[in-house]
Structures are given as structure tokens and as C-alpha cells.
1. For the range A:24-119, list the strands (runs of 3 or more DSSP E) that sit wholly inside it and hold at least 2 residues that are closer than 26 Å to residue A:133 by Cα and away from every other protein chain (no Cβ under 14 Å); which are they?
2. Determine whether the range B:157-173 contains at least one residue that is within 35 Å of the chain's Cα centre (by Cα) and in a helix (DSSP H, G or I).
3. Of all the residues that make up the range A:1-23, how many are in contact with a Lys or Arg (Cβ under 8 Å, 6 or more places away or on another chain) and within 14 Å of chain B (Cβ to nearest Cβ)?
4. Look through the range B:445-460, keep the residues that are part of a loop (DSSP other than H, G, I, E, B) and over 16 Å from residue B:115 (Cβ atoms), and return whichever of them is modelled with the lowest pLDDT.
5. Which of the residues belonging to the range B:155-179 are open to solvent by 20 Å² or more (accessible area, probe 1.4 Å) and either within 28 Å of residue B:47 (Cα to Cα) or away from chain A (no Cβ under 14 Å) (or both)?
6. When the residues of the range B:75-85 are narrowed to those that are over 13 Å from residue B:140 (Cβ atoms) and either open to solvent by 10 Å² or more (accessible area, probe 1.4 Å) or without any contact (Cβ under 8 Å) to a residue 12 or more places away in the chain (or both), which ends up farthest from the chain's Cα centre (by Cα)?
7. Every residue in the range B:382-429 that is in a loop (DSSP other than H, G, I, E, B) and surrounded by 24 or more Cβ atoms within 10 Å (Cβ to Cβ), please.
8. Of all residues in the range A:48-104, which are open to solvent by 60 Å² or more (accessible area, probe 1.4 Å) and without any contact (Cβ under 8 Å) to a residue 24 or more places away in the chain?
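The values are calculated or read from the model by the stated rules, or taken from the named source; none is laboratory data. Worth saying up front: this structure is predicted, and the values here are computed from it rather than measured. Here the Cβ positions follow ideal geometry from the backbone for every residue, glycine too, while neighbour counts run over all protein chains shown. Surface accessibility is based on the protein's heavy atoms, side chains included, excluding ligands, DNA and RNA. Shrake-Rupley method; radii C 1.70, N 1.55, O 1.52, S 1.80 Å.
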Amino acid sequence: MPADQALIKLSFSHEGKLVSACRQRSAEELAKLAPNMRAPMDCPRGRSPVTVEIDLDGTPVYRHVAKPSGLSEDGASTVYHRFPVQSGEHRLAIRLNDDARNAGFNYRREETVNLKPGKVLVIDFNQETGGITLQ
Amino acid sequence: MSASSSNLSSALIAYQRIEHSFDSAFGAGLNPWRHLGALGFLFFWIVALTGLYLYVVLDTSVDGVYRSINWLSREQWYLGGVLRSLHRYAADAFLLVTLLHLLREFLLGRYTGFRHFSWLTGVPLLWFIYISGVVGVWLRWDQLAQFSAATTAEWLDWLPVFATPLIRNYLSANAVSDRLFSLFAFVHIGVPLLLIFGLWFHIQRISRAEVFPPTALSAGSLLALLALSLALPVTSQAPADLSLVPGLLPLDWFYLFWQPLMFATSAGVVWALVIGGSLLLFVLPVLPHAAAAPIAEVHPDNCNGCRRCFEDCPYAAIVMVPHPSGIAGRQLAQVIPDLCASCGICAGACPSSTPFRSTAELVTGIDMPQMPIGALRQDVERGLAQLEGRNGIVVFGCDQGASLSRLVGEDLARFSLICTGMLPPSFVEYALRGGAAGVLVTGCREGGCAFRLGNRWTEERLAGLREPHLRARPSRKALRIAWADRGEEAELADVVEDMRQALAAERLQNTEPIADATADTIVSPARTTAHG
Ligand code: SF4
Ligand code: SF4
């Protein structure tokens, strides 16, 4: 990597929201199921894919839809992407959606960062600490 | 011949040139190319012993790893620093000789048939060496370690098997925990333990495996590593800092060459190379190859249970079982077909192989169906009958070493055995008593026997140091041993010429029959290579 550049790393491992809420099964539906399977509620385990977009100085530089892991798509979605940028000041806009039932983005963060040459900036996502983090 | 096999044979010729060029500096017996496996063992033990000290000093906490290792080089350069450098250079040397060992055996075609076991058990050892070596780099926890650990994580993450990507362990200083370094230390020590087990497995099918190089070679190697450690001590770079991109790094090209390759290509390409390369190594032995030669055959009536074949078999392919005669305590040799290399060395060891036996048909205790000792006696008799006068030379060589077909002359009777180790020493005496003026014994160069021990046993038997020994004591001129590899026919021809002249000179001075083996002064057989 040239000496006057910095590196941005985007990485998260996050479980998207459930694709659909639980639903009461009707009596008919219950009757069709095997007797040991007659749970009154149908709760699909599938999770939403997580979509992430990054704009750098107003230009889109990255977009990725991370599918949930696991055979029944009920695990975390993970992303790892690194890209070098010129050192100096940049306007970063990060958008993330983790809910398939809503269009648009439910997490956003815009920030002006000043990156020294050789610096690594990590963009992460942590629901507990309020979403998109930069460090 | 297909293009690939002709490429291979030119690679082999090129390789042999290199190997032979070391003979002049090291001597055939100490030529490192013929001790690559044993050198591997030596370097492994150096790594293991120096590693013990490093482990004692290592502090596996996040803050302590770098400090403790760096301290060795800075504060204790005279001991810890030297041991650290030795550890690293011996690890590099270990990998290097292992790769060369693999390449050499490949070029010599030594991976099929009875050798498949040693080949297949050798391949995983390479992985073990790489895993422990790469993880070892991380225990420095400097910028190189940071780069390498993160790169490896990215590489492993390419496989969709980890629920949480491994790279997340290296995103920021907060992500790195003490536990990580305990894990590294565990792998760095645990995998070499597996390696010891694997090495033991690897040499199971050969007897008298050379697990330590000759003393002079061991001492020389150790001194060379020591000199390197003093001249170019290994040091740490700046401590790892995950918030910064590591600067330009001097890379360890032995263990980490694939990491820049991954950046130049992709993780997928490196995986394809690793998996493809391993698969190729694994299928090599099962690709079509020449049919196996018939294996040794025991003739119970002629086996007295002396165990010499059992002692001399280079592949532990013989076991001793009770003799069917039922005589108490008498044993019988039995060949384990899967292990037999069809080398014939056992036939050369058997006391029943002596041509002086007065049976019309010579049947020995253990024999090669494709070249029975009885037939060899007939051939030698026929050859002796054709030699003119008393000037003839009988040449015993083998199909693996320099080809005898290029030796010409009415005064020569040539016999190419499967391996020179198949030659019962009594045949030398038989030829001399039968009218030959001299006997020349040849085969692969010292330490380079295609069947490992053939030329060593031959030398010891002819020198009277091993049973069955040569009873006669021919003069230095009447018996010559000249080891020459395939491709060295011209050099061998020079030895024959030299022998002719020496024998002729002796004839002029001495009217006594020199072929009377017992009449000569006691000398051990002259031992030379074809190069003198
Ligand atoms: S032919 Fe060679 S490998 Fe086979 S039993 Fe005899 S000495 Fe052993
Ligand atoms: S060397 Fe010959 S006699 Fe001795 S055990 Fe082997 S086969 Fe039997």
C-alpha cells in the first residue's frame, strides 16, 4: 500500500431481524400437522439479509447484501471488506438495513474523518452500542 | 517418450549434476543431498530444543508477548537472542530440506509401489510444518506477525465454515485477547508433537532409518546455523498496532511466501494451490506406473534360519517364523509381500547363495525369481569361459547405477544385478578362482543406493566387516569398488581402463598368478568412486 494512503475496513457479524413475526395457526392448519407438531404459533426462524452501503465524499463506493448464515438462513450475516483511501479528510456515509420487512435503511451514520497515512479505520456494527461504530 | 517424461528425465539429469557436484566438496558419504531426510530430523530437534527455552521466556499476555520475545534479542542477545535466531533459522532449514527431500524422491521416481506408504505419510508432514511455522511467526506479535495473522484469517475466512469471521479477532486492539496467544502457543507446540508422531509413521517401513545425519554433517550444519545466528540475529519489528497498516515488511519467504501471493491473486487461488497441490501429491503413487517386479521368494530347504536376510533387508520386509521342518528353534525367513522392494539384497545376504556349493543346480535360501542366484552362477561360468587368457575382468554392477552396457572389451564379462547388494561376496572369489584377473564392483554412489543399503552392505561384506564376508583377500588391483551413478558410464569406463593397466603392470612384474586370491597381501578392498 502506498505510504500516503489509509485503510478502511468494514467488518461486522450481525443477526438481521426475523423475516416475519410469529403467527397464530388456525384450527384447520393445526389439524393438518402431525400430532406432535401442533404448536399453536408458527414462528419462522429465517432472518433478514443485511444490506450495507458506503459513500465516500458523496460517491457510493461499496454496497453489499450479506445473506444470513446457516442452512435455514437463521444465523448472522457477516461482512468483511477493506479498501485503501487517500489519507486526509473524508466525508463518510454508511447506511445499513437489517429488516427485510422495511424498505430503506434503519441505521445511518455520517461522519467526517481525518485519516493519517497508514491509519486503519474500522467500521463495525454493534446493536447494543447504538449501531454503526467507527474506530 | 512423452514430452512430460522427457522433461522429467532432463530435470533428473540436471538434479544429479547438482548432487554430484557436492561430492567433491563434501565427499560422497557426507553429501547433504543424500541425507536430506536425516538433516530434517536434525533441524527439527534443534527447533524443538531451542523452542523449549523460548517457551520458558514467553509471556502469553497481550502486552507480554512482544516484550518477552523482543527482550531476548535486546537484553539477552548472547543466549536468548542466539537461541531465538537458531530456532528460526533451523525452522527455515527444516522446511527447506523437507521440500528438497520431496523433490529429490519425486525426481528419482520414488513414490510408487512399495514406497507409496512413505510418500503418503510424508505429505501431511508438510502441512504440519507449515502450520507450526506460520503460527510461530505470530508469537512475535510484531508488525510482521500482525500482517501474517490477519492475512491468514482472511484466507481461512474464504471458506464458509466460521460462524464469526476470524478476521474480527484482528480488527482492533480490543479484539485481541490473552487467550489468543495461549491458543497460538498451544498450536505452535501441539502441532510439532503431531509432527513427531507423523515422522515416526513416515519411517515405519524402512529398517535402520537414518534419523541423524553423519556426525560431521550434523556438526557442520549446527555450526553454520550458529554462525548465521550470530552474523544476522533475528529481531522483532515494531510491535503490532492494529490501528495502523504494517509498513514495508521483510518477509519470511520460507513460511509466508503465499501471503503476498494471496494479495497479488486471491484467497481462492491460494486455496486452489494448496488443495490442488496436496491432491496431486496424494494421487501420484496411484497413477499408472510400471508393474511391480516379482518379490523375493524363500526356499525352505535351503534356509537355515540364520537371520542374515532379516538383518539386511532395507525395508523390514522379512520376518522370521518357525521352520516347517519342525526342528526345535530352527527358523525360516518369510517375506511380507506388501513391503518387499524386489531389491535382491536378501539374496546377497544368504549363506546359501555361495556358488561354491557342489549342487548341480544352485538353489539359495531366499532368491529373486527374475534373476535367481543359480542362473547368475551359470552366467558367470559362461562369461569366464569366454574371457581370453588370464587378463579378463569381471564387472558386477546393477540396473540402478551406471549402465554396464557401455563398457566394451573382449576382456570383460559384465553382470548387471537388480541391486549390487544382491551380490554374494563369494561370487567375487568364484570369479577370481575361475580365471578372472580382476573384479570390479560398481553401483550407485555412496549413500545414493536406490535401495538404501545395497552399496553399504556390499562394501562391508567385501571388507570382511559383515556377514556373509569375502573369505578371499584379493589385492587392491584385483578387486576394485567404484561407485558410479547412472549417467556416469564414461567415468566407469575410465576405471576399467585404469584397472586393465594396473593389472597389466602387475603381470609384468609378477609371474605368480595374481588371481590366486589367498596369495595376496591382506588389504581391504580399495574404495573409490568412479572419480577416484
Ligand atoms: S528383495 Fe529386498 S525388500 Fe524384498 S525381502 Fe529381499 S531385501 Fe527385503
Ligand atoms: S539369509 Fe538365507 S538362510 Fe539365512 S534366514 Fe535368510 S533365507 Fe534363511
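1. On the way: elements: A:50-56, A:59-66, A:77-86, A:88-97, A:107-115.
Here the list reads A:50-56, A:59-66, A:88-97, A:107-115.
2. Here is the first cut: in the range B:157-173, the residues within 35 Å of the chain's Cα centre (by Cα) are none.
No, the range B:157-173 has no match at all.
3. The first filter runs over the range A:1-23 and keeps only residues in contact with a Lys or Arg (Cβ under 8 Å, 6 or more places away or on another chain), leaving A:6-11, A:13, A:15-20.
After this cut, where a residue has to be within 14 Å of chain B (Cβ to nearest Cβ) as well, the list is A:6-11, A:13, A:15.
Looking only at that region, the number is 8.
4. Filtering the range B:445-460 down to residues part of a loop (DSSP other than H, G, I, E, B) leaves B:445-453.
Next, from what is left, pick out any that are over 16 Å from residue B:115 (Cβ atoms): B:445-447.
Values: B:445: 92, B:446: 89, B:447: 86.
Top of the filtered list is B:447.
5. B:155, B:156, B:177, B:178, B:179
6. B:75
7. Taking the range B:382-429 first, the residues in a loop (DSSP other than H, G, I, E, B) are B:387-392, B:399-400, B:402-403, B:407-411, B:418-419, B:423-425.
Within the range B:382-429, B:392, B:402, B:419, B:423, B:424, B:425 meet the criteria.
8. Residues satisfying the conditions are A:59, A:60, A:61, A:63, A:64, A:65, A:67, A:71, A:102, A:103.
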